[in-house]
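The values are calculated or read from the model by the stated rules, or taken from the named source; none is laboratory data. Computed from a prediction, not measured in an experiment: that's the story for all the values here. Reconstructed Cβ throughout: ideal geometry from the backbone, glycine too, with neighbour counts over all protein chains shown. Just the protein is used for accessible areas: all its heavy atoms, side chains included, with ligands, DNA and RNA removed. Shrake-Rupley method; radii C 1.70, N 1.55, O 1.52, S 1.80 Å.
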Amino acid sequence: MRRLLVVSCSAVSLLGLLPVSGAVAVELPVRKAGLWEMKVLSGGSVPEMTMQQCTDATTDKDMATAMSPVAKDICSKQDIQKTATGYATDSVCGVAGMTIKSKAEITGDFNSAYTVKSTSHTEGGMAGAPRDSTSTIEAKWLGACKADQKPGDIMMPGGMKMNIKDMEKLKALIPKQPGK
């Protein structure tokens, strides 16, 4: 259960990095096509998690487009700004009775490697007492996608594979916030 909560919170944090139509001053660059490895390092007792994603320019754009309605439904604030060293994000999202306020700094070139360092403050829901956390996503380009992969495939820990194009179907599983 704890691992599911960590993965869910990580997913919400990643949603905070996606552009929302009309509300974002800057859009993040499209990543180089191919296989990306993303290592999620969280502070505390949460173990490191590594996943891979096969992507191309269309899939990266589609991911932002597909997830924007989800983010729009669960995030009351999503700001992305260009900085001297990369990008900075500031978001407030809510899911399953939790409110998650996140800030992230994104550095790198989106062609070979990038890093996302984020801090978040979670209140309510299954989180219990308010909690602050930090995480780092270290992403690196590995090369071409494997023969059995297609753009949008995400290989999760434990061998689970899903495609980002299926996320629209998963949108119905996200609990609605009161008043939305």
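Specify the residue that is farthest from Met155 (Cα to Cα); the eligible residues are those in the range 35-61 that are of a type in the set (Val, Ile, Thr) and open to solvent by 30 Å² or more (accessible area, probe 1.4 Å).
At the first step, the residues of the range 35-61 found to be of a type in the set (Val, Ile, Thr) are 40, 46, 50, 55, 58-59.
Filter once more, keeping what is open to solvent by 30 Å² or more (accessible area, probe 1.4 Å): 50, 58.
Details: Thr50: 9, Thr58: 19 Å.
Going through the qualifying residues, I end up with Thr58.
Taking Val70 as the residue in question, decide whether it is open to solvent by less than 10 Å² (accessible area, probe 1.4 Å), out of contact with any Cys (no Cβ under 7 Å at 6 or more places or on another chain) and modelled with pLDDT under 95.
Working: open to solvent by less than 10 Å² (accessible area, probe 1.4 Å): yes; out of contact with any Cys (no Cβ under 7 Å at 6 or more places or on another chain): yes; modelled with pLDDT under 95: yes.
Spelling it out, Val70 is indeed open to solvent by less than 10 Å² (accessible area, probe 1.4 Å), out of contact with any Cys (no Cβ under 7 Å at 6 or more places or on another chain) and modelled with pLDDT under 95.
Residue check: is Ile100 touching a helix residue (DSSP H, G or I) at 6+ places or on another chain (Cβ under 9 Å) and part of a strand (DSSP E or B)? Spell out the reasoning first.
Numbers: touching a helix residue (DSSP H, G or I) at 6+ places or on another chain (Cβ under 9 Å): yes; part of a strand (DSSP E or B): yes.
Taking the combined requirement at face value, the residue satisfies it.
Residues are listed down the side, and each one gets a yes or a no for (1) surrounded by 13 or more Cβ atoms within 10 Å (Cβ to Cβ); (2) in contact (Cβ under 8 Å) with a residue 12 or more places away in the chain; (3) not aliphatic (A, V, I, L, M):
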position: Met98; (1), (2), (3): yes, yes, no
position: Lys103; (1), (2), (3): yes, yes, yes
position: Ser112; (1), (2), (3): no, yes, yes
position: Gly125; (1), (2), (3): yes, yes, yes
position: Thr134; (1), (2), (3): no, yes, yes
position: Trp141; (1), (2), (3): yes, yes, yes
position: Gln149; (1), (2), (3): yes, yes, yes
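Can you tell me which residue in the range 1-32 is least open to solvent (accessible area, probe 1.4 Å), limited to those that are touching a helix residue (DSSP H, G or I) at 6+ places or on another chain (Cβ under 6 Å) and modelled with pLDDT of 80 or more?
Looking at the filtered set, the residue picked out is Arg31.
Report, by residue number, each residue of the range 42-58 that is modelled with pLDDT under 85 and part of a strand (DSSP E or B).
Listed by number, the list holds a single entry, Ser42.
One line per residue, one yes/no per condition, for (1) among the β-branched types (Val, Ile, Thr); (2) assigned to a loop (DSSP other than H, G, I, E, B):
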{"position": "Asn111", "(1), (2)": "no, yes"}
{"position": "Val116", "(1), (2)": "yes, no"}
{"position": "Thr119", "(1), (2)": "yes, no"}
{"position": "Thr122", "(1), (2)": "yes, no"}
{"position": "Ser135", "(1), (2)": "no, no"}
{"position": "Trp141", "(1), (2)": "no, no"}
